[in-house]
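Engineer: First the structure, which I've put down as structure tokens, then a few questions once you've had a look.
The values are calculated or read from the model by the stated rules, or taken from the named source; none is laboratory data. Keep in mind that what you see is a predicted model, and the values were worked out from it rather than measured. Please note: Cβ atoms are built from the backbone with ideal geometry, for glycine as well, and neighbour counts cover all protein chains shown.
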């Protein structure tokens, strides 16, 4: 029962079937409009404007919803179509075809709106038919339709529309099962990626252990930068995934240094040629992280974290908000911890961050870092 209700109340997601049904409705109405041109003048005045309005309404719907999910538009369209179809049945303006149209409307509603939404429209149609046939409208309808057909029509209507619902139930069950399979697959992929990321981090940690023999305290610098990056991201109100990626970016931002020659790593001053080689560590780190299949956002942060907010830096061409937010965060966190290890005080680093806002650093990221360095000052403000 639970599975049945889940399928019935699931959102309908097959725009191809819906568009196919709309085209069928338009085609049938066009044919009837052409036939209507042969009707007597009095009949034309009633029938042709009605068909023309329905054709235009469905045509506009098809044009606007092509390739898109506009459930609200389909709902409004069928809300507007219900009146002329009920009027056709009540007046019998096109003879026995008037019965056909109310069935066509209900079947179309099933395949275009799905079980949940179409049920309301078709309940109105069924109620109207039973009231007309079994109630006050019977005497009036006898002048239009044969009595035996009229009395059996409600059951014919329920049978045909019921078959449409059975078919639609099978279609919606297919979509529900497909969605469940997709979610299961996504969960498995996520778990596999997480395992792979954990393995990759273990590999990179081993790289840092080897690299720390050449660059003292690089592992501690990366850990502290990671902690700063996460706190800045949290202070900016980013979601948990972004905060975690900010942490990983801080942890991995120096991984590209593993490919640098020893004479460059261990020298305090570099020639212009050596400095150009040194700058390649960010792009190398980006490639390593991508190859290890860690989140793309982490790789992008490492790639652009040495770019300045004004567009200068290692990788020129991006500036301001065009630089990924995690790269802007990492830039500030890396700068703060690097200068702290050079012996600068929190006040000195905070002052430099203030001076370099809008040029080197994102102002918001710089302010978050200053708040971390000087929590007492922020509380006083």
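Engineer: Quick one: in segment 30-41, which of the residues that are touching a helix residue (DSSP H, G or I) at 6+ places or on another chain (Cβ under 8 Å) and not in a loop (DSSP other than H, G, I, E, B) is surrounded by the fewest Cβ atoms within 10 Å (Cβ to Cβ)?
Structural biologist: The initial filter retains those residues of segment 30-41 that are touching a helix residue (DSSP H, G or I) at 6+ places or on another chain (Cβ under 8 Å), namely 30, 32-33, 36-37, 39.
Pick out the ones that are also not in a loop (DSSP other than H, G, I, E, B) and you get 30, 32-33, 36.
On the way: 30: 14, 32: 19, 33: 16, 36: 20.
Top of the filtered list is 30.
Engineer: Suppose the filter is at pLDDT 90 or above, surrounded by fewer than 21 Cβ atoms within 10 Å (Cβ to Cβ), in the same structural domain as residue 169 (by TED's automatic domain parsing) and touching a helix residue (DSSP H, G or I) at 6+ places or on another chain (Cβ under 6 Å); does residue 103 pass it?
Structural biologist: Values: at pLDDT 90 or above: yes; surrounded by fewer than 21 Cβ atoms within 10 Å (Cβ to Cβ): yes; in the same structural domain as residue 169 (by TED's automatic domain parsing): yes; touching a helix residue (DSSP H, G or I) at 6+ places or on another chain (Cβ under 6 Å): yes.
It is true that residue 103 is at pLDDT 90 or above, surrounded by fewer than 21 Cβ atoms within 10 Å (Cβ to Cβ), in the same structural domain as residue 169 (by TED's automatic domain parsing) and touching a helix residue (DSSP H, G or I) at 6+ places or on another chain (Cβ under 6 Å).
Engineer: Could you list all residues from segment 226-251 that are buried (at least 24 other Cβ atoms within 10 Å of the Cβ) and farther than 13 Å from residue 333 by Cα?
Structural biologist: Once the filter is applied, which keeps residues that are buried (at least 24 other Cβ atoms within 10 Å of the Cβ) and farther than 13 Å from residue 333 by Cα, segment 226-251 yields only 245.
Engineer: Return the residues of segment 131-164 that are closer than 12 Å to residue 89 by Cβ and at pLDDT 70 or above; say none if nothing qualifies.
Structural biologist: Taking segment 131-164 as the starting set, the residues that turn out to be closer than 12 Å to residue 89 by Cβ are 131-133, 137, 140-141, 144-145, 150, 153-154, 157.
Selection gives 131, 132, 133, 150, 153, 154, 157.
Engineer: Limited to segment 273-293, what total is found for residues that are outside any helix (DSSP H, G or I) and at pLDDT below 75? Step through it out loud before you land on a result.
Structural biologist: Going residue by residue through segment 273-293, those that are outside any helix (DSSP H, G or I) are 280, 292-293.
Narrowing the set further to residues that are at pLDDT below 75 leaves 292-293.
Residues that pass the stated criteria total 2.
Engineer: Mind checking which residues of segment 42-65 are surrounded by 13 or more Cβ atoms within 10 Å (Cβ to Cβ) and either touching a strand residue (DSSP E or B) at 6+ places or on another chain (Cβ under 8 Å) or at pLDDT below 85 (or both)?
Structural biologist: 43, 44, 46, 47, 65
Engineer: Kindly provide the set of residues from segment 345-381 that are outside any helix (DSSP H, G or I) and either within 22 Å of residue 313 (Cα to Cα) or at pLDDT below 90 (or both), ordered by number.
Structural biologist: If the condition is that a residue be outside any helix (DSSP H, G or I) and either within 22 Å of residue 313 (Cα to Cα) or at pLDDT below 90 (or both), then 356, 357, 358, 359, 360, 361, 362, 374, 381 are the ones that fit.
Engineer: Sticking with this one: What are the residues in segment 325-344 that are surrounded by fewer than 22 Cβ atoms within 10 Å (Cβ to Cβ) and farther than 15 Å from residue 231 by Cβ, if any?
Structural biologist: Passing the criteria: 338, 339, 341, 342, 343, 344.
Engineer: Would you mind finding the one in 27, 80 that is in contact with a helix residue (DSSP H, G or I) (Cβ under 8 Å, 6 or more places away or on another chain) and in the same structural domain as residue 152 (by TED's automatic domain parsing)? Explain how you work it out, then say what you get.
Structural biologist: On the way: 27 fails: in contact with a helix residue (DSSP H, G or I) (Cβ under 8 Å, 6 or more places away or on another chain).
Of the residues listed, the single one that is in contact with a helix residue (DSSP H, G or I) (Cβ under 8 Å, 6 or more places away or on another chain) and in the same structural domain as residue 152 (by TED's automatic domain parsing) is 80.
Engineer: Here is a follow-up. Only one residue in 119, 83, 109 is exposed (fewer than 14 other Cβ atoms within 10 Å of the Cβ), free of Cβ contacts under 8 Å to residues at least 40 places away in the same chain and under 26 Å from residue 133 (Cα atoms), so which one is that? Lay out the reasoning, then the answer.
Structural biologist: Values: 119 fails: exposed (fewer than 14 other Cβ atoms within 10 Å of the Cβ); 109 fails: exposed (fewer than 14 other Cβ atoms within 10 Å of the Cβ).
From the options 119, 83, 109, the qualifying one is 83.
Engineer: If you don't mind, another one. With respect to residue 178, is the statement that it is modelled with pLDDT under 80 and either within 18 Å of the chain's Cα centre (by Cα) or part of a helix (DSSP H, G or I) (or both) true? Outline the logic, then answer.
Structural biologist: Details: modelled with pLDDT under 80: no; either within 18 Å of the chain's Cα centre (by Cα) or part of a helix (DSSP H, G or I) (or both): yes.
So residue 178 does not fit the description; no.
Engineer: Go through 257, 233 for me and flag whichever is in the same structural domain as residue 332 (by TED's automatic domain parsing), farther than 20 Å from residue 343 by Cβ, more than 34 Å from the chain's Cα centre (by Cα) and in a helix (DSSP H, G or I). Write out each step before concluding.
Structural biologist: On the way: 233 fails: more than 34 Å from the chain's Cα centre (by Cα).
Unique residue meeting the criteria: 257.
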